[in-house]
Structures are given as structure tokens and as C-alpha cells.
Amino acid sequence: MEFHIGQHWVVNLFGLDVHMDTLITLWITMAIVIFFALLAVGNIKLVPSRLQAVFENIVTIFSSLTKDMGPEGKRHTPILIALFLFIITGNLIGQLPWKLLNFFPFIKATEGEFASPTNDINVTAALAIIVLVYYIASGVRLKGIGYFKHYFQPVWFMTPFNMLEDIVRPLTLALRLFANILAGEILIMVLGGLIASLLSPEAISAFCQNTLGGILPSNWVYNITLFLGSLLPLPIMFFEIFVAFIQALVFTLLTSAYISGAVAKH
Amino acid sequence: MDLSVLKFIAMGLAIGFGVVGPGIGLGLATKAIIESIARQPEVEGQISKYFYIGAGLIEACAIYALLVVILIGFVLK
């Protein structure tokens, strides 16, 4: 059994190494988010349609998150909603059957798996850096240069630790999302290939001859066992849908906590 | 000893010791939520969302150990 972990379809574009599989799924994610968002707000009615009701609920949830961030708190709602929608769509898109792309020879899907864009550390690191810049910028916008005074609190020699916090926060944000999605994909890959790697046709034919007494053809038994074994990752796939939602929520909640920490009055 | 053998030993030790702490943490979190729901069954809908978020945060710690295992086994030469 072969593993392709952290391998990507690298293409050289304008002197830069680009992960093409991540880029394609990233653009598909953005297209889905923009399409459904436009569809939801394009035809606003007093009695909402089903899609509009979903988006209204999302807006309500994140408005209640930013309510206690002071009078300017409403300003931070759009970035939270954008992060949440992007991350959850990106996580869920990995559950689509991208393996079918292997039938097209010009897509080199065998070099790297087409999967969630969030299983590339570059994407999650970019999201985390957006969060870092955003919460520092919103703090500076509200308090001016006085925002940086919090580095020297409570006493001056805590400064390195306070600065370390600004490194650790985006690092853990990026790593948590990346590693959760990657771990789920590895789990699905391992469970999907487990039975096929353990079985051998000789063992099955010996089993049919000795134990079953040859009442069933051994290639039938072998194929049926392979099919049943390929159903093994199904529960994990359902669990991954749950994990996708939880991780998007955790990322967004931590972002809102960092922003409200940056804009809080001391 | 061969270096690849040491690598497998390191992978096993890293994930083995790495999941002990999150396991204890998840156990404590589950214990707490079950106790509070048993005391006040009507708060289940309000507190279970915090449990899910907390469980996601705790689980991430075990996944950091898995990340180290992947780094040892597949990325670092």
C-alpha cells in the first residue's frame, strides 16, 4: 500500500512553485461560496426562502458573537462569516469523490490527491496570517499606537512572552485546522486500503478450499470481501463532516476571541 | 540499529505518549458534561455546543502528536 501524504501536483507558474491541486479546489471553494452567497442575497424576501433562512441564521449567530465587542463590534462580523463559510466549504469539498479524476490522464491526480484545500499548510497559514494582521490592525485602529502598550503589561519583563503569543496564536490556528483535515484524510486512506493490503487471493482460495469446502468460487469471495472492506471508511467519512463543521467553528470562535481581546478596553 | 527501525520506534512512541493527555482531557470533559446534564437536564442544548468546541480543541492536541508522527515518518529524511 502506498501513501501520498503531503504530496502535491507542483506546477511552475511564473517562477513560483504552485500546488495545482490545492489551487483548483481553492478556486472551486471560492466559486461555491460566492455563488451561494449571491444566490441568497440576490432575491431577498420578507418570508425567506430556504437558502436565505440558512444565511440569515449564520448572520444571526455571528452577530451575536460580535455583539459584546463594543459599539464597533458589528464591523468584525463580515470577516468571521467569510472565514467560516470558506473553511467549512473547503473542509466539506474534500469528501467529494475526487478519485474519479484519475480517469482523465491529463490531470495528474496520482501525483497528489485532490482533496480539501485546507489540507495544504499554505492555505491554513495564509488564513491564520490574515487573522493575525486583522486583529492587530483592528486593535491599532481603535487605540492608535497605544495598542502596543499591552506588550508591556503587567510588567516590562513579560514583553517576550507577550510577543511570543502573537507567534503562537497563528501557528496553532493554522496547524489545528491543517492537521485535523489531514488526519481525517489519512484515516480514510488507511481504512480504505486496509482490507486490500491484508488480503491475498491465495489466502482466500485456501480458505474456500479448506474451511468452506469449495461450495463458493474463491474469486467471488475475494471480490465480495474487497467490496465490504472498501465500505470500512464510511463511518469515518460521516465523522469527517462533523469534524469539518467543528473545526470551522473553532477557527472562527478563536478568531473572534482574539479580535475581542485586541479591541477590549484595559 | 538501523535508522529506519529507530524511525518506526519514534513514530510509535510519539503517538503513544501523545494521545495520553488528550485522552485524559476528553474523559474529564465528558465527565463534566454528563454530570451537569444529570444535575440539570434542561441545559443540555446550551452547554453541549461548548462541549463540542472544547472537544475539538482537545482533539487537536492529539492531532499535533499525529502531525509529529507524520513529520518523523514521511517528511524528515
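Things worth noting here:
- Relative to the longest principal axis of the Cα atoms of chain A, the long axis of helix A:218-230 makes an angle of roughly 10 degrees.
- Using alpha-carbon coordinates, inclination of helix A:159-198 to the longest axis of chain A, degrees: 20
- When only Cα pairs below 8 angstrom with a gap of at least 6 residues are kept, chain A shows a relative contact order of 23 percent.
- Normalising the average separation of contacting C-alpha pairs (under 8 angstrom, six or more residues apart) by the number of residues puts the relative contact order of chain B at 55 percent.
- Test item: B:54-61 mean partner chain Cβ contacts at 10 Å: 5
- Farthest toward positive dipole pole in chain A [+1 Lys/Arg, -1 Asp/Glu at C-beta], among A:Ala137, A:Ile188, A:Leu46: A:Leu46
- Within the stretch A:1-96, the chymotrypsin sites (Phe, Trp or Tyr not before Pro) that combine a DSSP coil assignment with at most 10 other C-beta atoms in a 10 angstrom radius are A:Phe14.
- Relative contact order, whole percent, for the stretch A:123-266 stands at 34, derived from Cα pairs under 8 Å and 6 or more residues apart.
- Those lysines that a straight Cα-Cα span of less than 17 Å connects to A:Lys265, excepting residues fewer than 8 apart in one chain: A:Lys67, A:Lys74, A:Lys143, A:Lys149
- Under the Debye formula (equal points on every Cα, no solvent term), log10 I(q)/I(0) of the stretch B:3-75 at q = 0.16, 0.25 Å⁻¹: -0.63, -1.02
- Principal-axis analysis of the Cα atoms of chain A puts helix A:234-263 at an angle of about 10° to the longest axis.
- Net length gained if the chain between A:Thr60 and A:Arg141 were fully extended (0.36 nm per residue, minus Cα distance): 26.6 nm
- Cα-centre dipole for chain A with unit charges at Cβ (Lys and Arg positive, Asp and Glu negative), debye to 20: 1120
- In a reduced charge model with +1 at each Lys and Arg Cβ and -1 at each Asp and Glu Cβ, the stretch B:3-75 shows a dipole moment near 200 debye about its Cα centre.
- Rg and Dmax [Cα atoms of the stretch A:10-263; Å; Rg one decimal, Dmax integer]: 24.3, 84
- Residues with amide H under 5 Å from that of A:Gly94, placed H, sequence gap 5 or more: A:Ser116
- Rounded to the nearest Hz, the phi-derived 3J(HN,Hα) couplings of the stretch A:34-46 under the Karplus curve 6.51 cos²θ - 1.76 cosθ + 1.60 (θ = phi - 60°) are 5, 4, 6, 5, 5, 5, 6, 9, x, 9, 7, 10, 5, where x marks glycine and proline.
- Expressed as a fraction of 2.2 N^0.38 Å, the value expected for a compact globular protein of N residues, the C-alpha radius of gyration of the stretch A:180-266 is 1.92.
- Screening chain B for whole DSSP H helices with an alpha carbon extent of at least 24 angstrom along the helix axis and a mean Kyte-Doolittle hydropathy of at least 0.5 yields B:20-39, B:44-70.
Since every read-out is calculated from the coordinates, none of them should be taken as a lab result. A quick note: this is a predicted structure, and the numbers were derived from the prediction, not measured. Neighbour counts run over all protein chains shown; Cβ positions are idealised from the backbone, glycine included.
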